[in-house]
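The values are calculated or read from the model by the stated rules, or taken from the named source; none is laboratory data. Everything numeric in this text was worked out from a predicted model, so none of it was measured. As a convention, Cβ positions derive from the backbone with ideal geometry for all residues, glycine included, and neighbour counts pool all protein chains shown.
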Amino acid sequence: MNHGAISIGLSAAIVSVEGGKPCALVVAHDGSEDSLPFGPFDPGSQRTLEQGLRKWVEEQTHFDLGYTEQLYTFGDRGRHLPSAMPEDDDTRIVSVGYLALTRQDAEDGVDQARTTSWRGWYHYFPWEDWRDAKPQMIDSVIVPKLKSFVKAGANAQAQELRRDRVRLCFGADGVGWDEEKVLERYELLYEAGLAQEFRRDNGGRLEGGVGAAMMFDHRRILATAIARLRGKMKYRPVVFELMAPSFTLLELQRTVEALLGRRLHKQNFRRLVAEQGLVEGTGKFSASGRGRPAELFHFRREVLRERPAPGLRLGIRR
């Protein structure tokens, strides 16, 4: 039985942190939304999926990927095009997303003339940044609209399932906020019609959604990347892929906070880093112009041999 052709697309969520701002490398398009660097996989000329990904990223951004890992494979029909797939189109697009980590000052010539730029990821997910306070839009915009979504359920059972999702995703009714449920929150907002991509995919207008939309399914892929990074940094030292070779403990803390969208207790954080043996002093100090110079540290790579899961083990919930 012929079920139609399959085309494989490759997308990269390239993440950095600069000045306490977590960013994704995006490509701007005239008259349309931002996209992640992406392109089709050519099995005739590309030996592996990652080889194909690196080719597209280099061509679109002039950027040479460093640390990279495969995220997830997305294959939902109708969520890869600016509008829903027509009924007579037999081609199914399977999108393979990747997460890459880097430092902005280590970039290999990101070409601004090619409309490539670093964009703060809270531009797309403003409800995820709790560093200053709980985002006001959660109570003023999101929760009221989600309550309407719950009431619109087909029956009592469907309404209860939706109500549970709201509680778990947005910490309603006494349930704590889980910073790792980035994708679940975005999917809930999409289904409730609060994401602009839902309106676009279903032939509606692009007004009234929360957060900036992205082309195709790229905000979904970026949400997956953020969730993966927030979870993985707790048991693997991936955060140091985003740090300079030497850094102060405050710079490390601010980077972790930027990724998590949370503030951390200074002394508890430093005690945790020391207990985990993740860093060691360099004997040098920062050339800060204000206050006492802070000691510079670097990542202890020996920790990778000392135990199987070295990470920050933050274990924070609200």
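What the table shows:
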item: Qualifying residue in segment 223-246 (condition: under 17 Å from the mean Cα position of the chain (by Cα), surrounded by 21 or more Cβ atoms within 10 Å (Cβ to Cβ) and either under 24 Å from GLN159 (Cβ atoms) or among the acidic types (Asp, Glu) (or both)); result: no
item: Complete set of residues in segment 24-45 that are surrounded by 18 or more Cβ atoms within 10 Å (Cβ to Cβ) and over 20 Å from the mean Cα position of the chain (by Cα); result: PHE41
item: Residue that is modelled with the lowest pLDDT, among those in segment 65-78 that are in a loop (DSSP other than H, G, I, E, B) and more than 16 Å from LEU10 (Cβ to Cβ); result: GLY78
item: In segment 1-36, residue farthest from PRO126 (Cα to Cα) [restricted to those that are polar (S, T, N, Q) and in a strand (DSSP E or B)]; result: SER7
item: Filter result for the condition that a residue is out of contact with any Leu (no Cβ under 9 Å at 6 or more places or on another chain) and of a type in the set (A, V, I, L, M, F, W, C), over LEU242, LEU194, LEU183, LEU189; result: LEU183
item: Considering residues of segment 167-181 that are surrounded by fewer than 20 Cβ atoms within 10 Å (Cβ to Cβ) and part of a helix (DSSP H, G or I) only, the residue nearest to the chain's Cα centre (by Cα); result: LEU168
item: Residue list for segment 247-297, filter: under 30 Å from LYS134 (Cβ atoms), of a type outside the set (Lys, Arg) and exposed (fewer than 13 other Cβ atoms within 10 Å of the Cβ); result: HIS265, GLN267, ASN268, GLU275
item: Flag for GLU257 being out of contact with any strand residue (DSSP E or B) (no Cβ under 8 Å at 6 or more places or on another chain) and either outside the structural domain of ARG119 (by TED's automatic domain parsing) or assigned to a helix (DSSP H, G or I) (or both); result: yes
item: Subset of segment 148-166 (residues that are out of contact with any Phe, Trp or Tyr (no Cβ under 9 Å at 6 or more places or on another chain) and either surrounded by 15 or more Cβ atoms within 10 Å (Cβ to Cβ) or in the same structural domain as ARG262 (by TED's automatic domain parsing) (or both)); result: PHE149, VAL150, GLN159, ARG163, ARG165
item: GLY39 in contact with a helix residue (DSSP H, G or I) (Cβ under 9 Å, 6 or more places away or on another chain), of a type in the set (Gly, Ala, Ser), farther than 27 Å from VAL239 by Cα and outside any loop (DSSP other than H, G, I, E, B); result: yes
